[in-house]
Amino acid sequence: MRIFLSYGHDEYASLALRIKRDVEALGHEVWFDLGYLKVGSDWEQYIADGLDWVAAVPGTARFLLLMTPHSVRRPNGYCLNELARAFGRNLPIIPVMCLPSSRRSPSAAYSGSTCLTASLPSNMKCSTRSGSNNC
């Protein structure tokens, strides 16, 4: 599976990196901006190329969006633009909401036809669409 990992460069960036590593350990390929975006380069083109790379193998593409207050704060911000581009390519979207929590959640599962799991740090929890914390 090829996965485009979209996240904000905020306090959850370490979670994004951990998810990347965990998903790769499961044998999947992950497009992650730190491997591609360089100072002085055309970031928009690298992002478009990353989405094209993910979409190039039909049936294996996924767009994983880590939603944090920072990543979705502006309607024209990078993460929401990436989300719009993923929709434009008909990529399956896996939204993951990241919130601070004092309750420990041992793992998070991402909904969809394929389940990807990653452990969360002790100060984070996951929520499902139904509002349940049974992730």
Residue hits (segment 40-85; over 19 Å from Ala16 (Cα atoms), hydrophobic (A, V, I, L, M, F, W, C) and in contact with a strand residue (DSSP E or B) (Cβ under 9 Å, 6 or more places away or on another chain)) are Trp53, Ala55, Ala56, Val57
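For (1) more than 24 Å from Glu11 (Cα to Cα); (2) at pLDDT 80 or above; (3) out of contact with any Phe, Trp or Tyr (no Cβ under 9 Å at 6 or more places or on another chain); (4) buried (at least 17 other Cβ atoms within 10 Å of the Cβ), each residue gets a yes or a no:
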position: Gly50; (1), (2), (3), (4): no, yes, no, yes
position: Val54; (1), (2), (3), (4): yes, yes, no, yes
position: Val72; (1), (2), (3), (4): no, no, yes, yes
position: Ser101; (1), (2), (3), (4): no, no, yes, no
position: Ser113; (1), (2), (3), (4): yes, no, yes, no
position: Thr128; (1), (2), (3), (4): no, no, yes, no
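State whether one or more residues within segment 16-26 are under 21 Å from Arg73 (Cα atoms) and in a helix (DSSP H, G or I). Steps first, answer last, please.
First pass over segment 16-26, keeping only residues under 21 Å from Arg73 (Cα atoms): 16-17.
Imposing the further condition that a residue be in a helix (DSSP H, G or I) reduces the set to 16-17.
Within segment 16-26, one or more residues are under 21 Å from Arg73 (Cα atoms) and in a helix (DSSP H, G or I).
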Across segment 1-48, the tally of residues that are crowded, with 16+ Cβ neighbours inside 10 Å, of a type in the set (Gly, Ala, Ser) and at pLDDT below 85 stands at 2
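The values are calculated or read from the model by the stated rules, or taken from the named source; none is laboratory data. Bear in mind that the values here come from a model prediction, so they are computed numbers and not experimental data. Note that we place each Cβ from the backbone using ideal geometry, even for glycine, and neighbour counts take in every protein chain shown.
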